[in-house]
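Below is one structure; the comments refer to it alone.
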Amino acid sequence: MSKKNIKMLTRPALNRLKAYTPGLSIGEMNEELTQLSSNENPLGVSPLARKAMAQHLSQLNRYPDSNTTRLRETIAKQYNLQPNQVIIGNGADELITLISETFLNEEDEVIIPTPSFSEYDFGANLMGATIIHVSLTKDYQYDLDLILHHVTTKTKIIYLCSPNNPTGTYIKKADLDSFFQKTPQDIIVVFDGAYSQYAIADDYTNGIEYVEMGKKIVVLQTFSKIYGLAGIRVGMGISSSEIVACIHKVREPYNVNQLAQIAAEAAIRDIQHVEASREMNEEGRQYLYRAFEELDVSYIKTMSNFIFVHVGTDAKRIYEKLIHKGVMVRFGGVWGLSDYLRITIGLKSENQLLIAALKEIMNEIDESI
């Protein structure tokens, strides 16, 4: 009997999976590099979270609360919800996978705007569902009518990311109101608001109001960004108690470690840290806007903590030269947009370092032409 190639033994859906390509972590980077590629909070960990974790180090011989009871209660109080409307994951990434495992069959279709967060594709491909990609407009805005145009009787999930990663654009509340009026009742909308705390537009919504209205929506948020807890992985999903109960059926016990639960519970109460992070981000955003304009570099106005910058056909070369000069950003080729760089808004000194390096590189390129 001949031995089968190991790939022949795996599920066919695995052949469609593509590994997520993250920005380099601190452990992978030269310590001298300025990290502006992963949209982390440059102010660091919430001070209240740091203190809470330090106080619980002696308890790590105990298993964490499998039901994340206190954290769900804290989040529910923060958003005027019931604890059974909240589910906690090992980052929002895990929740995307759990949603896919809960609701998707191979005959289902999933609508995913593009460019956007690649983990939406991963979850759908994992379950063998069909992905329908719908492009953003030429100026990288959502075309919700075009999304609805692609809805069929097989559509099970629609993903919306607002503010969107990597473009920083957002969906206006009035447009979402209209969208939900037209969306069939049997479709689940996953609204990813990972960067919602940075959005300052008057017409922005984080999506939670649609949960309160009884829409079939799962709102995702994360503690990795404004709360500064990227290193311990905590994400939350907010939905109806019925949807949350279904997702719990595929959730592994102890999926969120003890320190993560304790830190998140403290961080969400750390209003001072959140406000300082927002203020720093807005100052950095305006500084970078002005600097890019002086360099005659176009960019997309953002409601997030990063800016999608159009640097032209030399983008890959500029990306590599920035690394050589000690600055790490994200090359847009990851999303098939090889003329762009996604740049995290950093501390004032980091933003200044970036612009100084960018000026030098662009001068070098001009001189070589």
Counting only residues that are closer than 20 Å to Lys301 by Cβ, of a type in the set (Lys, Arg) and without any contact (Cβ under 8 Å) to a residue 40 or more places away in the chain, region 185-241 contains a total of 0
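To keep it simple, each residue is scored yes or no on (1) assigned to a loop (DSSP other than H, G, I, E, B); (2) closer than 16 Å to Ser349 by Cα.
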{"site": "Ala263", "(1), (2)": "no, no"}
{"site": "Val274", "(1), (2)": "no, no"}
{"site": "Tyr287", "(1), (2)": "no, yes"}
{"site": "Arg290", "(1), (2)": "no, yes"}
{"site": "Asp296", "(1), (2)": "yes, no"}
{"site": "Tyr299", "(1), (2)": "no, no"}
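Kindly evaluate Tyr227 against the criterion of being aromatic (Phe, Trp, Tyr) and either under 30 Å from Asn257 (Cβ atoms) or surrounded by fewer than 22 Cβ atoms within 10 Å (Cβ to Cβ) (or both).
Against the criterion (aromatic (Phe, Trp, Tyr) and either under 30 Å from Asn257 (Cβ atoms) or surrounded by fewer than 22 Cβ atoms within 10 Å (Cβ to Cβ) (or both)), Tyr227 qualifies.
The rows are residues; the columns are (1) modelled with pLDDT of 95 or more; (2) out of contact with any Lys or Arg (no Cβ under 7 Å at 6 or more places or on another chain).
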| residue | (1), (2) |
| --- | --- |
| Lys4 | no, yes |
| Asn15 | no, yes |
| Asn39 | yes, no |
| Arg50 | yes, yes |
| Asn67 | yes, yes |
| Leu71 | yes, yes |
What residue, of Val256, Val250, is touching an Asp or Glu at 6+ places or on another chain (Cβ under 6 Å), open to solvent by less than 70 Å² (accessible area, probe 1.4 Å) and not in a helix (DSSP H, G or I)? Val250
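Yes/no matrix, rows are residues, columns are (1) over 16 Å from Asn90 (Cα atoms); (2) of a type in the set (A, V, I, L, M):
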residue	(1), (2)
Met236	no, yes
Ser239	yes, no
Val244	no, yes
Lys249	no, no
Gln261	no, no
Glu265	no, no
Asp270	yes, no
Among the residues of region 58-77, write down those that are in contact (Cβ under 8 Å) with a residue 12 or more places away in the chain and over 21 Å from the mean Cα position of the chain (by Cα). Gln59, Leu60, Arg62, Tyr63, Pro64, Asp65, Ser66, Thr68, Thr69, Arg70, Thr74
Has region 321-328 got any residue that is assigned to a strand (DSSP E or B), under 18 Å from the mean Cα position of the chain (by Cα) and surrounded by 23 or more Cβ atoms within 10 Å (Cβ to Cβ)? no
Wholly within region 102-184, which helices (runs of 4 or more DSSP H) include no fewer than the required count, namely at least 2 residues that are more than 20 Å from Lys216 (Cα to Cα) and in contact (Cβ under 8 Å) with a residue 12 or more places away in the chain? 119-126
What's the total number of residues in region 291-313 that are open to solvent by 50 Å² or more (accessible area, probe 1.4 Å) and either of a type in the set (S, T, N, Q) or over 30 Å from Phe223 (Cα atoms) (or both)? 5
Given (1) modelled with pLDDT of 95 or more; (2) farther than 25 Å from Trp335 by Cα, where does Tyr159 come up short, assuming only one miss? (2)
The lone exception for Ser338 - which of (1) in contact with a Ser or Thr (Cβ under 9 Å, 6 or more places away or on another chain); (2) closer than 26 Å to Lys18 by Cβ; (3) assigned to a helix (DSSP H, G or I) it fails: (3)
Subset of region 210-231 that is closer than 21 Å to Tyr120 by Cα and hydrophobic (A, V, I, L, M, F, W, C) - its residue that is farthest from the chain's Cα centre (by Cα): Val211
From the list Tyr142, Tyr198, exactly one residue is touching a helix residue (DSSP H, G or I) at 6+ places or on another chain (Cβ under 6 Å) and surrounded by 20 or more Cβ atoms within 10 Å (Cβ to Cβ). Which is it? Tyr198
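The values are calculated or read from the model by the stated rules, or taken from the named source; none is laboratory data. Note that the structure is a prediction, hence the values are computed from the model and not measured. Quick reminder, even Gly has a Cβ in these numbers, built from the backbone with ideal geometry, and neighbours come from all protein chains shown. All accessible areas refer to the heavy atoms of the entire protein, side chains included, with ligands and DNA or RNA removed. Shrake-Rupley method; radii C 1.70, N 1.55, O 1.52, S 1.80 Å.
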